[in-house]
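Read-outs: derived from the displayed coordinates by stated rules, not from any lab. Please read these numbers as outputs of a predicted model, since none were measured by experiment. Cβ sites come from the backbone with ideal geometry, for glycine too, and all protein chains shown count toward neighbours.
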């Protein structure tokens, strides 16, 4: 598993949204409730819900707990990290490009 | 509708489906979770079985069609019979004329859906298109532009944000170096060379559109034309056209990524005239994209 800082160098909104969608997917596939995951990761249900919604940042310790609880996979996380960088570039491009189709 | 009427409706619709498609009764135990004897008793009206929407959803796996469409009899009976008796991967007619594209050009979208939403979400999107998810076992399967347009529409309707839709055209480049066009363009020395190589090899990129291009000073002008006579369905869908053209604008911008440079977004205009969808792209090569420091593979 790549290090926390390699995966999340910026922890920007794009990464948080993608990571949140991934958490929701894994939790649903495993049939866990938000409460069960939150308890296991030593965080409040509100905090966990915010994580799934991409609405809040998370610490390395919380990340490690989530990896363990939801069996998050290294390959998936690397791909999410790459996609988040792609999204940053598209966002900047939209702001700079003339005639960006809307 | 009373509960009894509702139950009768579901049973009746399933019997109709069996009768119309010729679905062998031996397939029903796996769908209804009942024994063969119970199925035979049900078929000969000797007993009732609690048929529900979820059972029609299970039929998706056999017929490669959306469960709700099966319940409401909004499906192609001939296609269903082909799926039962020949191959579940048979494509609907809507996707099997003018098959100028390969499935692989949409595989990155399915991969993205599986990664962020899960396999079931991706499968359900494909069932809505009346296509079995198993078609992606052979990425060289040929489809037409309708399939791609419908897939984008279905994904947008399923709730992906515009940012996510935009990233779909870009994530393709994360693995494009494995393809022929990726290898060709990846050998370029700089950004002008990227577009020069692309212009000589459009046939490896896409054959639905006609391409013409030229370099004028520090600008690269690209014109793409889609004859709508071959794509009548698309011609009537303004929103779909807009989505497709935005996807392609971003797609064309990302080729410099193959040589480790930031994308170069073109100024774009498009219109429909004379039965053709015409798009004109202007790439300003003077902008000189910077090397990718933030996009290095982890």
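The per residue volume of the convex hull around the alpha-carbon atoms of segment A:44-92 is 90 Å³. Considering every alpha-carbon pair of segment B:56-143, the percent of pairs per 10 Å bin, from zero through the bin containing the longest distance, is 18, 50, 29, 3. Pairs of Cα atoms nearer than 8 Å and 6+ residues apart set the relative contact order; for chain B it is 13 percent. Which angle between 0 and 90 degrees, to the nearest 10, do you get for helix A:74-96 versus the longest principal axis of chain A when only C-alpha atoms count? The helix A:74-96 is inclined about 30 degrees to chain A. Scaled to the globular estimate 2.2 N^0.38 Å, the Cα spread of segment A:2-102, given as radius of gyration, is 1.17.
Computed from Cα atoms, the angle from the helix A:13-30 axis to the main principal axis of chain A rounds to 40 degrees. Fewest neighbouring Cβ atoms within 10 Å first, the residues B:210, B:124 line up as B:210, B:124. Kirkwood hydrodynamic radius of segment B:168-298, from the reciprocal of the average inverse Cα-Cα distance over all distinct pairs: 15.4 Å. Scaling the Cα radius of gyration of the protein assembly as shown by the globular reference 2.2 N^0.38 Å produces a ratio of 1.13. The helix-only estimate of mean residue ellipticity at 222 nm for the protein assembly as shown, built from DSSP H runs of length n ≥ 4 each weighted as -39500 (n - 2.57), is -16000 deg cm²/dmol after division by the residue total. Computed from the C-beta positions of residue B:84 and residue B:139 and an R0 of 22 Å, the FRET efficiency is 0.35 to the nearest 0.05. Note on B:264-270: average number of Cβ atoms from other chains within 10 Å of each residue's Cβ is 4. Here residue B:271 and residue A:56 are evaluated by their C-beta separation; at R0 = 30 Å the FRET efficiency comes out at 0.10.
Each label point was placed 7 Å from the Cα along the Cα-to-Cβ direction; for residue B:25 and residue A:40 their separation is 4.5 nm. With the cut-off at under 17 Å, measuring from each backbone N in segment B:233-257 to a point 7 Å along the Cα-to-Cβ line of residue B:177 picks out B:254-257. How many percent of the alpha carbon pairs in segment B:40-94 exceed a separation of 14 Å? For segment B:40-94, the share of Cα pairs beyond 14 Å comes to 59 percent. Rounded to the nearest angstrom and listed largest first, the equivalent-ellipsoid semi-axes of segment B:122-226 from its Cα gyration tensor are 30, 16, 14.
Counting pairs of alpha carbon atoms under 8 Å apart in space and at least six apart in sequence, what relative contact order in percent does segment B:129-263 give?
31 percent
Building the convex hull from the alpha-carbon atoms of segment B:61-202 and averaging its projection over directions returns 9.6 nm². A Gaussian network model of chain A, with springs between Cα atoms under 10 Å, assigns the largest mean-square fluctuation among A:26, A:85, A:46 to A:46. Please arrange B:65, B:176 by how many other C-beta atoms lie within 10 Å of their C-beta, fewest to most. Starting with the residue having the fewest Cβ neighbours, the order is B:176, B:65. Length gained on full extension, residue B:189 to residue B:40, computed as 0.36 nm times the residue gap minus the Cα-Cα distance: 46.7 nm. Model label sites at residue A:75 and residue A:96, defined 7 Å from Cα along the beta-carbon direction, differ in position by 3.4 nm.
Length, then width, then depth: along the principal axes, the Cα atoms of chain B run 81, 48, 35 Å. Treating r as the C-beta distance of residue B:163 and residue B:238 and R0 as 25 Å, the FRET efficiency rounds to 0.70.
Of B:186, B:41, B:67, the residue with the greatest mean-square motion in the GNM of chain B, using alpha carbon springs below 10 Å, is B:41. For segment B:53-85 versus segment B:224-287, the spacing of their alpha-carbon centroids is 35 Å. Exposure proxy ranking for A:1, A:15, B:172, based on other Cβ atoms within 10 angstrom of each Cβ and starting from the fewest, stands as A:1, A:15, B:172. When the alpha-carbon atoms of segment B:173-247 are used, the pair Rg, Dmax equals 14.6, 42 angstrom.
Between the helical axis of B:119-128 and the longest alpha-carbon principal axis of chain B there is an angle of about 80 degrees. Modelled spin-label separation between residue A:13 and residue B:280, with each label point placed 7 Å from Cα along the Cα-to-Cβ direction: 3.5 nm.
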